[in-house]
Every structure is written in structure tokens, then in C-alpha cells.
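These notes concern the structure reproduced below.
Please treat every number below as a calculation from the coordinates, not as lab data. These numbers come from a predicted model, not from an experiment. As a convention, Cβ positions derive from the backbone with ideal geometry for all residues, glycine included, and neighbour counts pool all protein chains shown.
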Amino acid sequence: MSAFVTRFAPSPTGFLHLGHALSALTAFDAASAAGGRFLLRIEDVDQTRSRPEFEAAILEDLAWLGVEWEIPVRRQSEHFSDYRAALQKLHDQGLVYPSRRSRRKAMAGEGSAGEWIDSMEAVTAESLSESPIAWRLLLAAARSALQTGWQGLGFVEERVSREGIERIFHPAEPGRLGDAILARKDSPASYHLAVVCDDALQGITHVIRGEDLREATHLHCLLQTLLGLPVPIYRFHKLIPDPVTGRKLSKRDGATGLRALRRAGASPAEIRAQIHEFSG
Ligand code: GLU
């Protein structure tokens, strides 16, 4: 039997909606089709936003949908030492630097790597304890550390259709996210650092996620290489747009929340039928 291990990794910061149902069912069905394993991971590394009541609701909604997962469930909040060790490894190689930029400013500055290096110099000259510190990846140093390996960076995407599975190699463009935040003062790991550690520690061979995380995958394969972790195969599913705004569904969209649909009388089979057209 070929090894196939995949996962669904929700953050307990709200209730699940149709988009989550699509992710969870796509991964669960793929594992069943491959005779593989399906794992659940609770991405509660951001303790300021995660709530136990959302985690309980997620487990209940998934069970109602008919998704079955292995026990124990990995909860990021129980593994902070893994993320600290990974950050330390990058730090020891001179690949991270402290930064005081806020998350919002970081988003606005995507792609401008040179700017972050300037901010590093400014920060190291001041007292680091004065304001919240984040640790950022120093892209320029990562590039020199990998030398010619930088050119070979990339990930394999699998596209599944009725005709079979097509594999496409995507050369990585990790500069797309700039010098990404890897940890914050109030959190030992950002989503990016935690997700690459967890996928490796859980032996994930296939990451199945929404198209919205395609860009982040370019950074993830760089982090995996720098940390000496395997790069899994990736599959991306379409996103379900909000029926009113046309934008990506958010946790605030009550109408597409699984609980609301369930209360309105929807069955798991009806949920499957609703998401079917987006599952390509
Ligand atoms: N917690 C992330 C989310 O809910 C995980 C997705 C992933 O890495 O595939 O979007």
C-alpha cells in the first residue's frame, strides 16, 4: 500500500463554514480513495484568537459531516517546544532577525525584502523589550545559505481529475511573501512555521488545501528545505465564494456556517451536494 497521509487543519477561531467542509471532505475522501490515513490538527498556535468552545464545535460539526479522524488529535498549543526548536535552528544559521513591524504593516510590505533588512538594523540598535518583537525570515541569508539549491526549490502539485492524477512541478518563488514573520512575542510560531513543523512531525505526504494558500506554499517549501524537512505533495481545491459579495467565505458568514445550515434542516448529503461543484 502506498503511503498517503493527509490532514485537515482548522483554526478554532470561529465556526466551520461550507469552505471548511469542502477542505475536510476533499482530504478525507482523498485518503479513503488512496487507502491512506486522515489526520486532524487543531491549529491553535495563536492563543489570543483560539477558543476551546470553537474546537468542540469543530469536532462536533466534522463528526456530523461523517468525517473520521485518527486519535490523538494534534493540538498546536501542546507542542510549542517543537516550534521553538525550529526557530532556534534557523536562528543558529543566521536566517532570522527580530522586527518590530506589526502584522498589518508586514502584509502591506509584501515582497520588499530590502526594506526588512533595514528594519532589522534599526531594531537591533534599540532595546528589544520595548515593544512587541516578531522574528522574521531573512530571505537574503536563506538564499546564500542554499547557494545553488535555491534554484532547485519547488513543490509538486497533483491535479486530480476523472482521467487520473497529473503532477506539476512549481519552481518556488519564496520572495512573494517578503521576509515572513515566523514567530511573535505572544506566539512561539506563526502559521507558516507551525504548519511546516507539524506536517513533517505528523508524516503528512499530501497537503490538501484551498487555492488561497497556494502563495504561502512557496514559502513553506523554502522553510522545509532550510529545516531539513521533507516537502510534501500539494493539492489545491477551489474556494467557495460568498453568495452575496463573491469574495472568499469568512468565519463571519453566518448563512454558510455549518451550524446554521444544520439548524435549517440540511443533511450531510445536502452539504456534500452543495460543495460538489467547487471540489475540482
Ligand atoms: N489553519 C489553516 C487554515 O484554516 C490551515 C490550512 C493549511 O495549512 O492547509 O486555513
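Below are the figures for this structure:
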{"item": "Coil-residue GluC sites (Glu not before Pro) of the stretch 1-100, DSSP, other Cβ within 10 Å capped at 16", "result": "Glu68, Glu70"}
{"item": "Simple label model, 7 Å out from Cα along Cβ direction - Glu60 to Leu239, nm", "result": "2.9 nm"}
{"item": "nm² value of the averaged projected area, convex hull over the Cα atoms of the stretch 1-69", "result": "4.5 nm²"}
{"item": "Residues listed by number, the stretch 162-187, amide nitrogen under 20 Å from Ser279 label point at 7 Å toward C-beta", "result": "162-166"}
{"item": "Gain in span if fully extended, Phe80 to Glu166, counting 0.36 nm per residue against the direct Cα distance", "result": "27.3 nm"}
{"item": "Distance between modelled label sites at Glu211 and Asp92, nm, 7 Å Cα→Cβ extension", "result": "4.2 nm"}
{"item": "Dipole axis of the chain (+1 Lys, Arg; -1 Asp, Glu on Cβ), positive-most option in Gly14, Leu40, Gln93", "result": "Gly14"}
{"item": "Principal-axis tilt of helix 113-124 within the chain, Cα atoms, nearest 10 degrees", "result": "60 degrees"}
{"item": "Relative exposure of Ser279, Ser144, judged by other C-beta atoms within 10 Å (fewest first)", "result": "Ser144, Ser279"}
{"item": "The chain, relative contact order in percent, only Cα pairs under 8 angstrom and at least six apart counted", "result": "24 percent"}
{"item": "Angle between the chain longest axis and helix 52-65 axis [Cα atoms, degrees, rounded to 10]", "result": "40 degrees"}
{"item": "Ranked by how many other beta carbons lie within 10 Å on average, peptides 203-211, 18-26 from highest", "result": "18-26, 203-211"}
{"item": "Pairwise Cα inverse-distance average, inverted: Kirkwood Rh of the chain (Å)", "result": "19.9 Å"}
{"item": "Given charges at beta-carbon only (K, R positive; D, E negative), |dipole| of the stretch 11-95 in Debye", "result": "260 debye"}
